[in-house]
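Novice: First the structure, which I've put down as structure tokens, then a few questions once you've had a look.
The values are calculated or read from the model by the stated rules, or taken from the named source; none is laboratory data. Note that the structure is a prediction, hence the values are computed from the model and not measured. Heads up, the Cβs are rebuilt from the backbone with ideal geometry, glycines too, and the neighbour counts pull from every protein chain shown.
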Amino acid sequence: MKTHRRELLRHAAAELFMMMTGIKFTHVPYKGNYLTDLMGGQVPLAFSPLSSMAEYVKDGRVHAVGVTTAARASILPDVPAIGESVPDYVAEGWHGLVAPKGTPVDVVAKLEAATRASVADPSLQSRMLPLGLEPAPMTTAEFGKFIADEIDKWAKVIKYANIKVN
């Protein structure tokens, strides 16, 4: 099945859910804005970014069944993580700071320290948390393992679902 890059994470999150549960539903690529059709009941289910859906959940325009993050999200604490019912299910977008191979160790250490300090800053957190963005600082080694694990997990999902990016 072909999918556009911008909807790849939503599609892959749904495929991971199907792979882990055995539940089957049909992925329908949406070129336009699916949100109107979701709120109107024409689309029965969507895997959507937390940051773009939280306000609609809070005001009751959509019902959140679960969040795809590893734990409940602070922005919607009453919505369970899917992993509470489907052990080990996690499908979340992430951002990280990387440097070219061969970057001096002291430079990497300075970048790591500066990153940790910035994400711990209350003024930055006060802007990130309302958007559903929860910092998860890691050491360089932890982040390297995380990336390797993510590549392995999503490669399995893409193969399972026969996803082709166009």
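Novice: May I ask you to verify whether ALA148 is at pLDDT 90 or above, surrounded by 14 or more Cβ atoms within 10 Å (Cβ to Cβ) and within 30 Å of LEU16 (Cα to Cα)?
Specialist: Numbers: at pLDDT 90 or above: yes; surrounded by 14 or more Cβ atoms within 10 Å (Cβ to Cβ): no; within 30 Å of LEU16 (Cα to Cα): yes.
Criteria not met by ALA148.
Novice: Turning to a different aspect of this structure: Restricting the search to segment 37-63, which residues are of a type in the set (Gly, Ala, Ser) and within 20 Å of THR26 (Cβ to Cβ)? Explain how you work it out, then say what you get.
Specialist: Within segment 37-63, the first condition is being of a type in the set (Gly, Ala, Ser), and the residues that meet it are 40-41, 46, 48, 51-52, 54, 60.
GLY40, GLY41, ALA46, SER48, listed by residue number.
Novice: Suppose we filter SER123, SER52, SER118 for residues that are within 18 Å of ARG10 (Cα to Cα) and either in contact with a helix residue (DSSP H, G or I) (Cβ under 6 Å, 6 or more places away or on another chain) or outside any loop (DSSP other than H, G, I, E, B) (or both); which single one remains? It would help to see each step written out before you state the result.
Specialist: Details: SER123 fails: within 18 Å of ARG10 (Cα to Cα); SER118 fails: within 18 Å of ARG10 (Cα to Cα).
Result: SER52 is the single residue among SER123, SER52, SER118 that is within 18 Å of ARG10 (Cα to Cα) and either in contact with a helix residue (DSSP H, G or I) (Cβ under 6 Å, 6 or more places away or on another chain) or outside any loop (DSSP other than H, G, I, E, B) (or both).
Novice: Now for a different question. Residue by residue through segment 112-125, note down the ones that are over 20 Å from the mean Cα position of the chain (by Cα) and either of a type outside the set (A, V, I, L, M, F, W, C) or surrounded by 15 or more Cβ atoms within 10 Å (Cβ to Cβ) (or both).
Specialist: GLU112, THR115, ARG116, SER118, ASP121, PRO122, SER123
Novice: Still on this structure, I have one more. Are there any pairs with C-beta distances below 8 angstrom linking a residue in segment 61-77 that is in contact (Cβ under 8 Å) with a residue 24 or more places away in the chain to a residue that is small (Gly, Ala, Ser) and assigned to a loop (DSSP other than H, G, I, E, B), with the two at least 6 apart or on different chains, and if so which?
Specialist: So the pair list comes out as THR68/ALA91; ALA73/GLY132; ILE75/GLY132; LEU76/ALA64; LEU76/GLY132.
Novice: Oh, and also: Take the residues of segment 55-66 that are in a loop (DSSP other than H, G, I, E, B) and charged (D, E, K, R): which is nearest to MET20 (Cα to Cα)? Show your work before the answer.
Specialist: Going through segment 55-66, the residues in a loop (DSSP other than H, G, I, E, B) turn out to be 59-66.
Subset that is charged (D, E, K, R): 59, 61.
On the way: ASP59: 31, ARG61: 28 Å.
Among residues in segment 55-66 that are in a loop (DSSP other than H, G, I, E, B) and charged (D, E, K, R), the one nearest to MET20 (Cα to Cα) is ARG61.
Novice: Being touching a residue at least 12 places away in the same chain (Cβ under 8 Å) and over 29 Å from GLY22 (Cα atoms) is the filter; apply it to segment 78-97 and report the residue that is nearest to the chain's Cα centre (by Cα).
Specialist: Across segment 78-97, the extreme among qualifying residues is GLY96.
Novice: In segment 19-44, which residue that is without any contact (Cβ under 8 Å) to a residue 24 or more places away in the chain and of a type in the set (A, V, I, L, M, F, W, C) is surrounded by the most Cβ atoms within 10 Å (Cβ to Cβ)? Full working, then the answer.
Specialist: Residues of segment 19-44 that are without any contact (Cβ under 8 Å) to a residue 24 or more places away in the chain, as a first pass: 22-26, 28, 30, 32-37, 39-44.
Checking which are of a type in the set (A, V, I, L, M, F, W, C) leaves us with 23, 25, 28, 35, 39, 43.
On the way: ILE23: 10, PHE25: 10, VAL28: 9, LEU35: 17, MET39: 12, VAL43: 14.
Ranking the candidates gives LEU35 first.
Novice: Let me ask something else about it. Out of segment 67-82, which residues are buried (at least 17 other Cβ atoms within 10 Å of the Cβ) and outside any strand (DSSP E or B)? Let's see the steps before the verdict.
Specialist: Going residue by residue through segment 67-82, those that are buried (at least 17 other Cβ atoms within 10 Å of the Cβ) are 67-69, 73, 75-76, 79, 81-82.
The answer is THR68, THR69, ALA73, ILE75, LEU76, VAL79, ILE82.
Novice: Let me ask you something else. Counting only residues that are in a helix (DSSP H, G or I) and closer than 21 Å to GLU150 by Cα, how many does segment 95-114 have?
Specialist: Narrowing segment 95-114 to residues in a helix (DSSP H, G or I): 105-114.
Applying the additional criterion that residues be closer than 21 Å to GLU150 by Cα yields 112.
Result for segment 95-114: 1.
Novice: When the residues of segment 83-98 are narrowed to those that are surrounded by fewer than 12 Cβ atoms within 10 Å (Cβ to Cβ) and at pLDDT 95 or above, which ends up farthest from PRO137 (Cα to Cα)?
Specialist: If we take residues in segment 83-98 being surrounded by fewer than 12 Cβ atoms within 10 Å (Cβ to Cβ) and at pLDDT 95 or above, then SER85 is farthest from PRO137 (Cα to Cα).
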